[in-house]
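Notes follow once the structure below has been shown.
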Amino acid sequence: MASLLQGRLPVNQDVLLMQKGTLMRKVRSKSWKKLRYFRLQEDGMTVRHARQAGGRSKASFSISDVETVRNSHESELLRSLAEEFPLEHGFTIVFHGRRSNLDLVANSVEEAQIWMQGLQLLVDFVTSMDQQEWLDQWLSDWFQRGDKNQDGRMSFEEVQRLLHLMNVEMEPEYAFQLFQAADMSQSDTLEGKEFVEFYKALTKRAEVQELFENFSADGQKLTLLEFVDFLREEQKEGDRASDLALELIDRYEPSDSGKLRHVLSMDGFLSYLYSKDGDIFNPSCRLIYQDMTQPLNHYYINSSHNTYLVGDQLCGQSSVEGYIRALKRGCRCVEVDIWDGPSGEPVVYHGHTLTSRILFKEVVATVAQYAFQTSDYPVILSLENHCSWEQQEIIAHHLTEILGEQLLSTTLDGQLPTQLPSPEELRKKILIKGKKLRTLEEDLEEQEEEEELKTELEREREAELELESQFESETQELSPRSKDKNEKVVMCPLFCSPICCQIMVQAPLPKPGLPLFPKQKCKAILCPALSSLVVYTKTVSFYNFTHSREHYRFYELSSFTETKAKSLIKEAGNEFVQHNAWQLSRVYPSGLRTDSSNYNPQEFWNAGCQMVAMNVQTAGLEMDLYDGLFRQNGGCGYVLKPDFLRDTQSSFQPERPISPFKTQTLLIQVISGQQLPKVDNTKEQSIVDPLVRVEIFGVRPDITHQETNYVENNGFNPYWGQTLCFRVLVPELALLRFVVKDYNWKSRNDFLGQYTLPWTCIQQGYRHIHLLSKDGTSLHPASIFVHICMVEGLKGDES
């Protein structure tokens, strides 16, 4: 079966040559470099590789897995092999999620360019695909897997095998009926369009058909008024329902006549429900919708711990790739551990461990390149400085020279502020977080004195030059004596008449760039040049909250281990909330987490901690919550804290919240699932028994979960029809996590997919939830279909 996208796929000379295949070297390390024959398949969407041309091939990657293609100059591994392979022959394929990059070396510059340009063309096409094109591609992928003998058609035996691959348990008699109905050519096989008809029969959504007919008078279409009623009554769209109905019909109705008549067919209705507009996540929250003009300490800030590590904390690899991935996923605070390196160049690694080392200047160059590709809002470079004076000066030099105008090295207006600036004011700026020798007030006072001194010196120099010029003209004929080029004639200090004045000869001036004074012999712990680059984010030691209030300033911040932060929340939760209302706090994982595991960030957010740093390289529940919170506000890396966490007089107790809060009751009807993945795709006969678990994370009284029954042997279109009820005391801090699992009575249920979002971004009504993998990548078209209803109301004293 040819790809259903054929005719729409971009095809040029590069793509055609990729489909013929190319022998290239696959590079995993300095010692693992093996020749493989790579070929783009006829569907234009899959790349396979073999040991040699014509050999048995296996899938390498799908175009939809690829995020981008980079040239070899951006690959640490390929740069390290530059003496063995010309850099122009190599390129890097970067995948979505946490999958390792693929480094390839072609036999020529021309071959490398063919693959780089061809792949990027296809990646750009996939990125722009609409919903129907995604479905067509998904169907083509399944057909390729089911067509075992690759003859472009499927027999009934192949269809039965495909059903197992697709997670469907079906009576053979019923499957054969669907097969015969789709076999319009009566060839006892299914070809392209016949397979599509078979799929449509297989995926008929009875629950959506019933919903459609509840609002449709004739059962064939929804008129404009009927669709408006549906949007207002079920989807809770309110006053905007009328205008929205016209937009949605124009967007999702497949027939031109339907658009002209302002009616929505069943296919259009299903397309709407499955789209972003029908998603549980409110589309308005995908944009930057929050006030970005408040002080930095009023926001949760997406933060990374030991960003340079892409593995564990003891022997893992350090790589600039860690910074690229963190910044592209929206991190706005990244960490750099800096140590003295060879040849005077500082290096970055996890000190006193076996982790590998990278040059500090390469880290800075990477940050400069990727800092603002995902978000324009400020990046905080958290420096853990372990270097000598000499290498600290190199650090300061690299920061100023490489970052240039991006680096914030003084206050925004040169004046002493009374609060931290806002993300909006700091757009496209990189802030240095670290130790500082003096206060900001002392820095600004010195800068002011230096400016005054500079102005005075310039004024004096101008007067001196004027007098010199006058003296030169009056003494041109006095003495034929030739002056050395380094000697300078000046007026006498008394400014008497040039005729009676004695000629004074100055010593040769120092060469430009040399210091006027010799370097001090005594070395400070912190180099002033590096200290001066710290402006709004000066790190200080934490003793207690009273000490911070009495001795620290708003631009100073403290870091807490997860253990210390938990202890403070338990013992003085309200004080911690008030502290975080005027000063930044950073929380980081315990040193015992050598496997780069993560803590639950929610309890620190409950206390208003802004920079809750995570090991972003490690997937799991904790990163699901983290991604869930920062999915809102355009994914810009800054999320405004609730108002009761921005008030320095707040009475909020994160461990024991007391009313009045707007308690909300949430009713979730879990209706059905669609095309759920398998736990193990290699086992053709295994079919999942799915259940849905709904989890609430927030303040301690709100933490809970409920789950549906499991559906036996159906991962393709399971139906649950169960309603779950939740009551939440502080919805402003709540996150909702949907997890689909495969029931296993022998052991723990296996993870199939999940989706996490803030309570405040939930859309009511009939909604699809599009599932993500453990790695946070899309499992398209896997989803669950739910109905959401929220009821608000004030509750009495509840804790």
* Pairs, first over 28 Å from GLN415 (Cα atoms) in the stretch 449-467, second outside any helix (DSSP H, G or I), C-beta under 9 Å, six or more apart -> GLU464/VAL490; GLU464/MET491; LEU467/VAL490; LEU467/MET491; LEU467/PHE495
* Structure fact -> Within the stretch 37-51, residues surrounded by 17 or more Cβ atoms within 10 Å (Cβ to Cβ) and out of contact with any strand residue (DSSP E or B) (no Cβ under 9 Å at 6 or more places or on another chain) come out as ASP43, GLY44
* Asked: Within the stretch 750-766, how many residues are farther than 16 Å from ASP624 by Cα and out of contact with any Asp or Glu (no Cβ under 9 Å at 6 or more places or on another chain)?
  -> 1
* Asked: If we keep just the residues of the stretch 391-436 that are farther than 28 Å from ASP291 by Cβ and acidic (Asp, Glu), which is most open to solvent (accessible area, probe 1.4 Å)?
  -> GLU401
* Asked: Taking the condition farther than 30 Å from ASP624 by Cα and not in a helix (DSSP H, G or I), does PHE143 pass?
  -> no
* Asked: Hey, among GLU253, GLU234, GLU210, which residue is surrounded by fewer than 13 Cβ atoms within 10 Å (Cβ to Cβ), within 25 Å of ILE784 (Cα to Cα) and either in contact (Cβ under 8 Å) with a residue 40 or more places away in the chain or outside the structural domain of ASP141 (by the TED database) (or both)?
  -> GLU210
* For the stretch 579-586, does any single residue satisfy the condition of being under 20 Å from the mean Cα position of the chain (by Cα), at pLDDT 95 or above and outside the structural domain of ARG98 (by the TED database)? -> yes
* Asked: Based on what the data block shows, is PHE143 of a type in the set (Phe, Trp, Tyr) and either in contact with a Gly (Cβ under 9 Å, 6 or more places away or on another chain) or under 25 Å from ASP267 (Cβ atoms) (or both)?
  -> yes
* So ASN633 clears everything in (1) open to solvent by 10 Å² or more (accessible area, probe 1.4 Å); (2) in contact with a helix residue (DSSP H, G or I) (Cβ under 9 Å, 6 or more places away or on another chain); (3) farther than 30 Å from LEU211 by Cα except one condition, right? Which one? -> (1)
* To do: Kindly check whether there is at least one residue in the stretch 4-12 that is surrounded by 15 or more Cβ atoms within 10 Å (Cβ to Cβ), in contact with a strand residue (DSSP E or B) (Cβ under 6 Å, 6 or more places away or on another chain) and not assigned by the TED database to the domain that holds SER356.
  => no
* For residues in the stretch 64-91 being open to solvent by less than 40 Å² (accessible area, probe 1.4 Å) and in contact with a Lys or Arg (Cβ under 8 Å, 6 or more places away or on another chain), which is nearest to ASP136 (Cα to Cα)? -> PHE91
* Asked: If we keep just the residues of the stretch 275-307 that are among the hydroxyl-bearing types (Ser, Thr, Tyr) and out of contact with any helix residue (DSSP H, G or I) (no Cβ under 7 Å at 6 or more places or on another chain), which is nearest to ILE324 (Cα to Cα)?
  -> SER303
* Structure fact -> Subset of the stretch 103-118, residues open to solvent by 10 Å² or more (accessible area, probe 1.4 Å) and in a helix (DSSP H, G or I), comes to VAL109, GLU110, GLU111, GLN113, ILE114, MET116, GLN117
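Which fully enclosed strands (runs of 3 or more DSSP E) of the stretch 728-799 have 2 or more residues being farther than 17 Å from SER275 by Cβ?
Working: elements: 735-742, 750-758, 765-772, 778-794.
In the stretch 728-799, 735-742, 750-758, 778-794 are the strands (runs of 3 or more DSSP E) which contain 2 or more residues that are farther than 17 Å from SER275 by Cβ.
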* Among residues belonging to the stretch 642-674 that are of a type in the set (Ser, Thr, Tyr) and not in a loop (DSSP other than H, G, I, E, B), point out the one that is most open to solvent (accessible area, probe 1.4 Å). => THR665
* Asked: Any idea which of (1) open to solvent by 30 Å² or more (accessible area, probe 1.4 Å); (2) closer than 28 Å to GLY322 by Cα; (3) out of contact with any Leu (no Cβ under 9 Å at 6 or more places or on another chain); (4) in contact (Cβ under 8 Å) with a residue 24 or more places away in the chain is the one LYS33 doesn't satisfy?
  -> (3)
* To do: Filter the stretch 727-767 down to residues that are aromatic (Phe, Trp, Tyr) and over 30 Å from the mean Cα position of the chain (by Cα) and give me whichever is nearest to GLY634 (Cα to Cα).
  => TYR743
* Structure fact -> the stretch 209-269: helices (runs of 4 or more DSSP H) wholly inside it with 2 or more residues that are in contact with a Leu (Cβ under 9 Å, 6 or more places away or on another chain) and within 15 Å of TYR766 (Cβ to Cβ) are 224-233, 241-252
* To do: Kindly list, by first and then second residue, each pair from a residue in the stretch 374-390 that is under 18 Å from GLN290 (Cα atoms) and assigned to a loop (DSSP other than H, G, I, E, B) to a residue that is open to solvent by less than 50 Å² (accessible area, probe 1.4 Å) and hydroxyl-bearing (Ser, Thr, Tyr), limited to pairs with Cβ atoms under 6 Å and residues at least 6 apart or on different chains.
  => TYR377/TYR638
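Can you name every residue in the stretch 263-298 that is open to solvent by 80 Å² or more (accessible area, probe 1.4 Å) and closer than 27 Å to SER216 by Cβ?
Of the residues in the stretch 263-298, the ones open to solvent by 80 Å² or more (accessible area, probe 1.4 Å) are 267, 276, 286-289, 293.
Across the stretch 263-298, the qualifying residues are ASP267, LYS276.
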* All but one of (1) in contact with an Asp or Glu (Cβ under 7 Å, 6 or more places away or on another chain); (2) modelled with pLDDT of 95 or more; (3) within 18 Å of THR704 (Cβ to Cβ) hold for LEU621, so report the exception by its number. => (1)
* Structure fact -> Given the conditions (1) outside any loop (DSSP other than H, G, I, E, B); (2) in contact with a Leu (Cβ under 6 Å, 6 or more places away or on another chain), every one holds for PRO677 apart from (1)
* Starting from the stretch 186-199, take each residue that is assigned by the TED database to the domain that holds GLY146 and list its partners that are of a type in the set (Asp, Glu) and at pLDDT 85 or above, counting only C-beta distances under 7 angstrom and pairs at least six apart or across chains. => LEU190/ASP183; GLU194/ASP183
* Asked: Where residues in the stretch 92-102 are open to solvent by 40 Å² or more (accessible area, probe 1.4 Å) and touching a residue at least 40 places away in the same chain (Cβ under 8 Å), which of them is nearest to GLY322 (Cα to Cα)?
  -> ARG98
* Structure fact -> Reported set for the stretch 532-571 where residues are open to solvent by 10 Å² or more (accessible area, probe 1.4 Å) and polar (S, T, N, Q) is SER532, THR539, SER541, ASN544, THR546, SER559, THR561, THR563, SER567
* Structure fact -> Among (1) touching a helix residue (DSSP H, G or I) at 6+ places or on another chain (Cβ under 9 Å); (2) loosely packed, with under 14 Cβ neighbours inside 10 Å; (3) without any contact (Cβ under 8 Å) to a residue 24 or more places away in the chain, LYS259 falls short only on (2)
* Could you grab the pairs with beta carbons closer than 6 Å, sequence gap of 6+ or different chains, first residue in the stretch 419-445 and small (Gly, Ala, Ser), second one open to solvent by 10 Å² or more (accessible area, probe 1.4 Å) and in a loop (DSSP other than H, G, I, E, B)? => SER422/THR293; SER422/GLN294
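The values are calculated or read from the model by the stated rules, or taken from the named source; none is laboratory data. All of these numbers come straight from a predicted model, not from anything done at the bench. Methodologically, a virtual Cβ is constructed for each residue, glycine included, from the backbone with ideal geometry; neighbour enumeration extends over all protein chains shown. Protein only, heavy atoms only, side chains kept; ligands, DNA and RNA dropped before computing areas. Shrake-Rupley method; radii C 1.70, N 1.55, O 1.52, S 1.80 Å.
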